[in-house]
Structure formats: C-alpha cells, structure tokens
1. Being open to solvent by 20 Å² or more (accessible area, probe 1.4 Å) and closer than 30 Å to B:Glu181 by Cα is true for just one of A:Pro14, A:Pro48. Which residue is that?
2. Do any residues in the stretch A:135-153 that are within 12 Å of chain B (Cβ to nearest Cβ) have Cβ atoms under 7 Å from those of residues that are open to solvent by less than 10 Å² (accessible area, probe 1.4 Å) and of a type in the set (Asp, Glu), where the two are at least six apart or on different chains, and which pairs are they?
3. Testing A:Leu123 on (1) in contact with a Gly (Cβ under 7 Å, 6 or more places away or on another chain); (2) under 29 Å from A:Met1 (Cα atoms); (3) in a loop (DSSP other than H, G, I, E, B), one condition comes back false. Which one is that?
4. Within the stretch A:178-186, is even one residue at the interface with another protein chain (Cβ under 7 Å from one of its Cβ atoms) and more than 21 Å from B:Asn177 (Cα to Cα)?
5. Yes or no: B:Thr180 of a type outside the set (Lys, Arg) and out of contact with any Ser or Thr (no Cβ under 9 Å at 6 or more places or on another chain)?
6. Can you find a residue in the stretch A:240-258 that is touching a helix residue (DSSP H, G or I) at 6+ places or on another chain (Cβ under 6 Å) and assigned to a loop (DSSP other than H, G, I, E, B)?
7. Enumerate the pairs (first residue in the stretch A:308-328 and under 17 Å from A:Val287 (Cβ atoms); second residue anywhere and aliphatic (A, V, I, L, M) and open to solvent by 20 Å² or more (accessible area, probe 1.4 Å)) with beta-carbon separation below 7 Å, excluding pairs fewer than 6 apart on the same chain, so at least 6 apart or on different chains.
2 protein chains.
Amino acid sequence: MKLAIDMMGGDFAPREIAEGVNLALAADETLRVICFGQEEVIAPLLTPSDRIEIVNCKTYLAMGEEDPFGKIRTDSELSLSQAFLAVRDKRAAGLVTAGPTQGVVIAAHLKLRRLPGLKRLALCPTLPAIGGKERLMLDVGANTEMRPEFMLQHALFAVNYAKHVLKVAEPQLGLINIGTEAGKGRELENAVYALLAADPRINFAGNIEPKEMFASSCDIYLTDGFSGNLVMKTMEGTAKTMGAELKAAIKSRLSAKIGYLFMRGALRDFKAKFNPDNVGGAILFGVDGVVIKAHGASKARAFAQAISLAHKACAAGFIEKVKEDLTR
Amino acid sequence: MKLAIDMMGGDFAPREIAEGVNLALAADETLRVICFGQEEVIAPLLTPSDRIEIVNCKTYLAMGEEDPFGKIRTDSELSLSQAFLAVRDKRAAGLVTAGPTQGVVIAAHLKLRRLPGLKRLALCPTLPAIGGKERLMLDVGANTEMRPEFMLQHALFAVNYAKHVLKVAEPQLGLINIGTEAGKGRELENAVYALLAADPRINFAGNIEPKEMFASSCDIYLTDGFSGNLVMKTMEGTAKTMGAELKAAIKSRLSAKIGYLFMRGALRDFKAKFNPDNVGGAILFGVDGVVIKAHGASKARAFAQAISLAHKACAAGFIEKVKEDLTR
C-alpha cells in the first residue's frame, strides 16, 4: 500500500514537505510513498529509501494561484493533478497535500470518482484537542449552499471516520446551532435535526452552540460549509489575537517580563495547543479515495502527522466502510 | 431627558443593576432615570436622588423563562414591558436592560413602534476593543433568515450609530464572508455585496474573513443573524477555552507558578479585554427608540457603561438621524 504525496503544495514546499516525508518513513516501516514534484528539486531533499518512488512533474499549483480551476483543467502536468490520478488509477491508496484548499477540492472533483450517490465534497478537520478530546468538524468550506440530505451523508462519513480511523467507540455527533433547544436555527438546521434524530446509525447529541465547542462531550460537529468556515476562521482570529494581546500585556510591565522568564515553558505549551500546525490535517469527503489536506502552513512535523493519518485511514479500509454505510 | 431602566433583568439583578444605576448617576449629573421593578426590593439598593423615579412592577421576566413570548403577551406587569411602554409613550427617551436577549427582542417587537419601512430587528454589539479600535457587528441573533435589503438597512443604521454616537468620522463597513474576493459566499452575500458597493452613503471595505476581524481597519461588520450569532459564540468559546488552558499550563509547572506571581497584573489586563462585562452593551435596531441590551452577566460597572451608551445615543438624537437616512 502506497500513498501519493504532492511535494510542491504548501507555504513551505518542497523543503518542509520532504522533511515530513522523511520523518513519516522513519516512524513507520510499513509506509511506502510516491512523491510527485520537480525531481531535481525534491530528490536531494529526501533521505534515500527503497520505499520512495519519485514521479517527475514539470509544473505545480502555486499557493496564490488566482484561477485554480483553469490551471487544473488545462495543465495536466501539475504535481497535484498527477498525485490525484495515481489514486484514481489505484497506483496509490491515498493522497496527502498541503496545497491550496480550493485547488485541492477542484482537483478532487475533476480527477477522482465520487462515492456512490454523492454530489457534494466536504472538508473535515480536527479541532485543537482540549480536555484530551479530538473533535471533528464538517463541512468547513467546500459547500456554501447545502441540502439536508447532503448533511446526513456528511454525518455518516464522519461517524465512520471517527469509529474506524480515530478508534472512538460510540462517536457522539452535535449539530452546530445558535441555541441548544430543538427548533432553533434556520429551516436547514431544523430539517437536518429531524434527519439525525431519526437515524439509528447516529448517536445524536442535539444542537450545540459554538461557545460549548471545546467543552461538550461530542466527537463530531456537523454544519454547512459556509457556517463551518466562519466558525473555523473566527477561532483562528480569536486565538491569534489573544496570543498577541497576551504578549503585549507581558511586555507592558517589568514585573511581567521577569515572570515571563519563569513561565516560558508553560506559555509555549499553551501556544502549541492552538497552533494549526499541530493538527494532522483535514480529510476530504465525497471522493472514492483517502485525501488528506494538510494546513497550508504545515512544517515537517505537521505534514508527517497528515501522512500518518492517511496511512491509518487506508489501513482501516475506511473508504470501503463508508461506501457500505452509504448504500445501506 | 430620562432613561427607563429594567431593574430586574440580568443574572445579578437587582443588586448589580442598582449599583450600576448609582454609578451612572454619580458619573453624569445630566442623567435622570425611571427604575422599573419591585419597589420594596430595589428602593433600598438605590442611593437616594431626586433624579431617580421608581415605578413599582409586581412581576419580572426570569432569565431562564422558557416561554418569553407567552409571558410577555399575557403579563403586562413585567418590569421589562413597563419599561418599554415608557419609551413608547415618550416618558423615557431610551431603555437599558440586562434581561434575556430573546425576551428583549420580543418585548421590543410587541411594545414599541417600528422605524418606518422596517420589518426586522437586529442586535448590534461592540466587539472587544483590540488595537484601540471599537468595532460593531450586526446582526448577531435576532434574525435567522435574512433578505439583502434588510441587511442594507442594518448597514445604514450602523453607519449612523458609529458616526453620531461613537463619533467615528468616516466609518468603514466590511461584509463578513468566507473569502475576501468579490463573488465569495452564498447568494445572500453576493446580493448584499452589490447593494453595499453601489450605495454612496456607505464606505464599503468589501468582504472580511472572521480571522481578520480584530486586525482590519473596519468599524462595522455586517452579517446575517445566524452567522453573526455563530461568530460571537465561537469567539466566546475560544476565549474562554484559551483562558482555561493558559491557567492549566501555568498550574502544571512550579517555575510557571513563580512566574505567575510576577505576571498577575499583566494577565488580569489580558483577561479584562476579552471579558464581555467590559463591553457597554448591544444596541437594538429597528424600533422607534434607543434600546441598549447589556450582557446578561453584567455587573455594576458594565451596566453603568450600558446606561452611558444609551444616554449618549439619546443626546445625539440618533434615532431621528437614522429615520432621515432610511426615508431618504
């Protein structure tokens, strides 16, 4: 079983991506990879191994590409596209990339087969683990207009992922909403609430307000792509701002500066927890293959974690299990 | 000019509310209030003054009331309802309450006249001031389904409020969205974008992602009630969680505990900035009168600030200015 790696996607590609591949291969002897990228650039960065295959690709999708759709349609040499084709042709069991979100979603749309009966793709990241709990959220960006039945499919996908890849025994699912009582929210939330409550495959915890997101017992949060994207970006902005304000508060007082010398370690732990770099990656739902989208700002360690996640999902036969559930 | 005060609304009513009234009266000699509540309870809490009038109300809306609509319709003795009637009958120029949001919106609907041409009410809070900047956001909860033309009205309201009450010379307005480019988001965002861009009364900054909310140059963020409520609650949850995690990180190491002794002051400043208690209150848009909804957890200082905000809005003739703009 091999994984396809897009060596050219991400803010720190190819150096940190290659280092991530080296780390992942060193950590797991059963892992094999096919690396897609400019061979003369990436080959010197990779620790030589017979578990690495390199496929030379002349071009790649730039992080700031303004027309990813046009680029992916017209340039079949892109490392991202070539990596997707390897998954489609079963030369690779899954794919890992830190490329631009929109580009990854478009390439997945164009190059991979859909799961049976599915119209919409969804991106499903893991939230910062608080209280020792990893929580999934979907969708966070791929879909802006959403139908209730698509959201039920997303729910089934996430439940399977939590069970078979993250090994959560009875994953609990909450619906992101503006109030906890049934009947809260828009027509969409009310329709989805009814579908979830009626489905025996889902351990439904009801509505969850985002202020309880890090405190609830849920393993999965379900939402439409527009709302999910706003929630993720609000989290990011608030965490970044609080970090900067904390720094400013410390710098403003001499006594705090002295205190800082003692607290450095604790503050570093704190910062690490809210760093997206420490989250393995988001899984893309809807296509016939395991696709892990690592954060664009991924450095080696984060990218290695994303590879490990993809490896676990492939080893668990996760896509086959989702297919069974969706056709039941 | 008098303000109507609901003495019985809020988690810490009536004690902290009364203390807030005392603070506000001491700070501003031109302020006069009518206090609505159970006279035998509130009278002993208020510092005697000829600028206080008490209206005895037998009942009040409990913070956890499950059927605020039914309660407000059937019980005309509620302190909240009586305070609204004082505004309707021009006995008071504005109203301040820390009562439950939904109850306040319902009472405003039932007891006050609408501004001409307006169908929807909106709640418009001030975000935590970062970088010395106060920013407004609306709507954050009163409306779950929203039409583009209502959102334009909300924009005009907020621009007037920023200009005439907060004294911002050229308030800049951003549309909350999942990407910065024009064309991002749902049909709703695209329609609203076109309206805002075409309106000469609005200094439109384009789309703003929530991750830039505390960094942008905007004074006002426009969004529908559902999205705005999610954004506010995500901010609240993230800030609370980060605070708790910081505390845990400090407690986990002896050196950090020592450092904490030196940093206490700086950490207190930091916490204060993200405390909703330090935000004056949200203004309610759509009704013919100034209505300030203080945070339910308001203590005396926060409630006094909410009173001061209402006073400023009444003194600026703010409602008249909005009416002019909406009928132009």
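The values are calculated or read from the model by the stated rules, or taken from the named source; none is laboratory data. These figures come from a predicted structure and were not determined experimentally. Here the Cβ is made from the backbone with ideal geometry for all residues, glycine too, and neighbour counts use every protein chain on show. Keep in mind that these areas ignore ligands, DNA and RNA; they rest on the heavy atoms of the full protein, side chains included. Shrake-Rupley method; radii C 1.70, N 1.55, O 1.52, S 1.80 Å.
1. Just one listed residue meets the conditions, A:Pro14.
2. Listed pairs, sorted by first residue: A:Asp139/A:Asp224; A:Asn143/A:Asp224; A:Met146/A:Asp224.
3. In the conditions (1) in contact with a Gly (Cβ under 7 Å, 6 or more places away or on another chain); (2) under 29 Å from A:Met1 (Cα atoms); (3) in a loop (DSSP other than H, G, I, E, B), A:Leu123 misses (3) alone.
4. Within the stretch A:178-186, the first condition is being at the interface with another protein chain (Cβ under 7 Å from one of its Cβ atoms), and the residues that meet it are A:178, A:185-186.
Then keep just the ones that are more than 21 Å from B:Asn177 (Cα to Cα); that gives none.
No: the stretch A:178-186 contains no residue that is at the interface with another protein chain (Cβ under 7 Å from one of its Cβ atoms) and more than 21 Å from B:Asn177 (Cα to Cα).
5. Values: of a type outside the set (Lys, Arg): yes; out of contact with any Ser or Thr (no Cβ under 9 Å at 6 or more places or on another chain): yes.
The answer is yes for B:Thr180.
6. The answer is yes, given that some residue of the stretch A:240-258 is touching a helix residue (DSSP H, G or I) at 6+ places or on another chain (Cβ under 6 Å) and assigned to a loop (DSSP other than H, G, I, E, B).
7. A:Cys314/A:Met1; A:Cys314/A:Ala93
Residues checked against (1) under 20 Å from B:Ala302 (Cα atoms); (2) open to solvent by less than 20 Å² (accessible area, probe 1.4 Å); (3) among the acidic types (Asp, Glu):
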site: B:Gly99; (1), (2), (3): yes, yes, no
site: B:Val104; (1), (2), (3): yes, yes, no
site: B:Gly117; (1), (2), (3): no, no, no
site: B:Arg120; (1), (2), (3): no, no, no
site: B:Ile130; (1), (2), (3): yes, yes, no
site: B:Asn143; (1), (2), (3): no, yes, no
site: B:Val165; (1), (2), (3): yes, yes, no
site: B:Ala198; (1), (2), (3): no, no, no
